[in-house]
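Engineer: Just dropping this structure here.
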Amino acid sequence: MSEQIGVISIPADEDGFVLMQCPLCGEFFKLRTEDLKAEDVIEIWCPCCGLKSETYFTKDVIELALKKTENYAMERIYDVFKKLERKSRNSLVSIKAGKKPMRREEYPIRSGIENMDITHYPCCNREAKTKAMYKICGSYCPFCGVRYDEY
Ligand SMILES: [Zn+2]
Ligand SMILES: [Zn+2]
């Protein structure tokens, strides 16, 4: 049984870049939405540490997903009790559903993290945004993992 309980949209910045976080080194970087959707982009290398990870969701995205799941579960449980309440009205044991559970606030995801520079990677002819220091100490192409010393 699988049911989608909500869609999380990750906002892009004014240049069309989406914020990502590497779970291996903890660094933030940004990639273009259209590159992430491109068919030839199957794997993503972290431009900061050069390693490959399965997912690059930021903590904000993960937290929001957990909150959405929790809110969904609470509401379903409440619905079940509400139904029982109706059914049990004339029976010996009566069930009261009580107050509707409070929804936990779902904060929007920030697209922020300032001071990021666009780096162009000629090997793949694509761009990424990383913290300015990676321009000085070098970075990796997120689309093929090639190392660039200072750029
Ligand atoms: Zn990394
Ligand atoms: Zn490349």
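Engineer: Can you tell me which of K68, K100 is part of a helix (DSSP H, G or I) and either more than 17 Å from the chain's Cα centre (by Cα) or basic (K, R) (or both)?
Structural biologist: Every option except K68 fails the conditions.
Engineer: Additional query: Can you tell me which of R104, R86, R147, R126 is at pLDDT 90 or above and exposed (fewer than 15 other Cβ atoms within 10 Å of the Cβ)?
Structural biologist: When all the criteria are applied, what remains is R147.
Engineer: To continue, here is another question. Could you check segment 12-35 and list, in sequence order, the residues that are free of Cβ contacts under 8 Å to residues at least 24 places away in the same chain and either near ligand 1 (Cβ under 8 Å from one of its atoms) or part of a loop (DSSP other than H, G, I, E, B) (or both)?
Structural biologist: Within segment 12-35, E14, G16, G26 meet the criteria.
Engineer: Going by what's in this entry, would C22 be described as within 16 Å of ligand 2 (Cβ to nearest atom) and surrounded by 14 or more Cβ atoms within 10 Å (Cβ to Cβ)?
Structural biologist: Criteria not met by C22.
Engineer: Sticking with this structure for a sec: Given (1) under 16 Å from the mean Cα position of the chain (by Cα); (2) aromatic (F, W, Y); (3) modelled with pLDDT under 90, identify the lone condition not met by F28.
Structural biologist: (3)
Engineer: Tell me whether segment 69-81 contains one or more residues that are within 14 Å of ligand 1 (Cβ to nearest atom) and surrounded by 16 or more Cβ atoms within 10 Å (Cβ to Cβ).
Structural biologist: no
Engineer: Also: Across segment 122-149, what is the total count of residues that are in contact with a strand residue (DSSP E or B) (Cβ under 9 Å, 6 or more places away or on another chain) and either at positive phi or in a helix (DSSP H, G or I) (or both)?
Structural biologist: 4
Engineer: Right, something else. Just the residues that are within 16 Å of ligand 2 (Cβ to nearest atom) and not aliphatic (A, V, I, L, M), please, taken from segment 50-62.
Structural biologist: Within segment 50-62, G50, K52 meet the criteria.
Engineer: So which of M133, M102, M116 ends up being more than 16 Å from ligand 2 (Cβ to nearest atom) and in contact (Cβ under 8 Å) with a residue 12 or more places away in the chain?
Structural biologist: It is M116.
Engineer: Picking from D40, D35, which residue would you name as being in contact with an Asp or Glu (Cβ under 9 Å, 6 or more places away or on another chain) and within 16 Å of ligand 2 (Cβ to nearest atom)?
Structural biologist: Just a single option satisfies the conditions, and that option is D35.
Engineer: Taking segment 36-51 as the search range and keeping residues that are more than 16 Å from the chain's Cα centre (by Cα) and surrounded by 14 or more Cβ atoms within 10 Å (Cβ to Cβ), which one is farthest from ligand 1 (Cβ to nearest atom)?
Structural biologist: Here the answer is V41.
The values are calculated or read from the model by the stated rules, or taken from the named source; none is laboratory data. Keep in mind that this is a model prediction, so the values were computed, not measured. So basically every Cβ, Gly included, is an ideal-geometry build from the backbone, and we count neighbours across all protein chains shown.
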